[in-house]
Structure formats: structure tokens, C-alpha cells
1. Which of the following residues is modelled with pLDDT of 75 or more and out of contact with any Gly (no Cβ under 6 Å at 6 or more places or on another chain): R139, R146, R117?
2. Is there any pair linking a residue in the stretch 47-62 that is within 23 Å of Q34 (Cβ to Cβ) to one that is modelled with pLDDT under 75 and assigned to a helix (DSSP H, G or I), with Cβ under 9 Å and at least six apart or on different chains, and which?
3. In this structure, is V94 of a type in the set (A, V, I, L, M), loosely packed, with under 10 Cβ neighbours inside 10 Å, in a helix (DSSP H, G or I) and modelled with pLDDT of 85 or more?
4. What pairs can you find where one residue is in the stretch 13-35 and under 30 Å from I62 (Cα atoms), the other is surrounded by fewer than 10 Cβ atoms within 10 Å (Cβ to Cβ) and modelled with pLDDT of 70 or more, and their Cβ atoms are less than 9 Å apart, with a gap of 6+ or different chains?
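The values are calculated or read from the model by the stated rules, or taken from the named source; none is laboratory data. Owing to the predicted nature of the structure, the values given are computational and were not obtained by experimental measurement. Using ideal geometry, Cβ is built from the backbone for each residue, glycine included, and neighbour counts are taken over all protein chains shown.
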Amino acid sequence: MFPVFMAKTTGFLFIVGGITALLGAFAQVNPIWQFGPYDAARISYAVQPDWYMGFLDGALRIWPSWSFHSWGHTIPFEVLIPAVVLPGLIFNLVFVWPIIERKFTTTTRFTTCSIARVTDPSAPPPVSRCSVSSACSHREFDRRAREVLQRVAQ
């Protein structure tokens with residue numbers, strides 16, 4: 001077992017190292033030429049958010065500067081939408097998701113997040129969550145592929 005395991009592990013090491021080297025050579029990760037050089041004056045604050053605030057900080061940074069002016073008041077949409085509406089939609093969807101899943105699936109014996117589902121071999125598999133995430137990622141992949149093909153065709 002020991003020499004075979006070492007040979008397999010070494011082989012996997014070289015495979016992962018080769019794939020990483022190929023990705024480093026040919027894959028575009030962060031196209032800096034699209035954003036321009038770093039300019040500290042363009043960023044309003046120099047803090048790094050925690051991992052759980054990354055989506056909120058990113059949404060605040062990339063949202064366009066829209067505002068609504070009426071009756072002497074200004075409603076800044078560049079803060080309202082990414083900091084209030086977007087997290088509200090996300091957390092409400094997370095809150096309502098078990099209710100939606102229970103309504104549209106036939107599984108009523110266990111919830112999808114229960115420990116009993118993991119320990120009971122006769123429990124039906126959680127197909128609904130996998131199918132929804134698969135459909136969303138497939139749709140996003142198709143959308144991005146169409147965008148790339150349109151750019152190449154131009």
C-alpha cells in the first residue's frame with residue numbers, strides 16, 4: 001500500500017502542478033488592462049471587508065452613481081439598491097427557500113438540511129436544490145458564452 005500510495009500522490013502532485021502552470025500561462029484571471037492602473041484616489045476608503053461582507057462591498061463599489069432628485073430631496077440609488085435592496089432580496093430568498101422547496105417537491109419526511117437525512121439511507125436524495133443550482137449555473141454559463149461569442153464575432 002505504501003509505495004503505490006506514494007506513486008499515486010506524486011502523480012497527482014505533478015498533474016495539479018501542470019494544470020496550475022497551464023492556467024497561469026494561458027488563462028485570463030484579472031484583466032487589469034480593462035480597469036486601468038491602480039489609483040488610490042478613486043476608492044473612497046482603504047479597508048478590506050471580511051469574507052461575509054464581500055458581496056455587499058463589491059456591490060457598493062461597482063454600482064453606478066444613480067440618484068433621484070425630486071421636491072428638494074435626493075434619493076441616492078448608488079447606496080439604496082446595493083446596500084438595502086440587494087441584501088434584502090438575497091436574505092428573503094434564503095428565508096423563503098425552504099417553503100418554496102417544500103411546496104414544489106414531494107419530499108415531506110425530512111427537510112433537506114436535517115441530520116436525519118444524512119444518517120437515514122432510505123431518505124430520498126435532495127434533488128431539488130441540486131437541480132436548481134445546476135439550472136442557474138448552466139443558464140449563467142450560456143449567457144457568458146453568448147457574450148464572448150458576440151465579442152469575437154464583432
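1. Values: R139 fails: modelled with pLDDT of 75 or more; R117 fails: modelled with pLDDT of 75 or more.
None of the others qualify; the one that does is R146.
2. Nothing qualifies.
3. Working: of a type in the set (A, V, I, L, M): yes; loosely packed, with under 10 Cβ neighbours inside 10 Å: yes; in a helix (DSSP H, G or I): yes; modelled with pLDDT of 85 or more: yes.
Here the answer is yes, as V94 does meet what is asked.
4. Cβ pairs passing all conditions: L23/V29.
Condition check ((1) assigned to a helix (DSSP H, G or I); (2) within 30 Å of V148 (Cβ to Cβ); (3) at pLDDT 85 or above; (4) among the hydroxyl-bearing types (S, T, Y)) across all residues:
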| site | (1), (2), (3), (4) |
| --- | --- |
| A7 | yes, no, yes, no |
| L13 | yes, no, yes, no |
| V16 | yes, yes, yes, no |
| L22 | yes, yes, yes, no |
| Y38 | no, yes, no, yes |
| G54 | yes, yes, no, no |
| A83 | yes, no, yes, no |
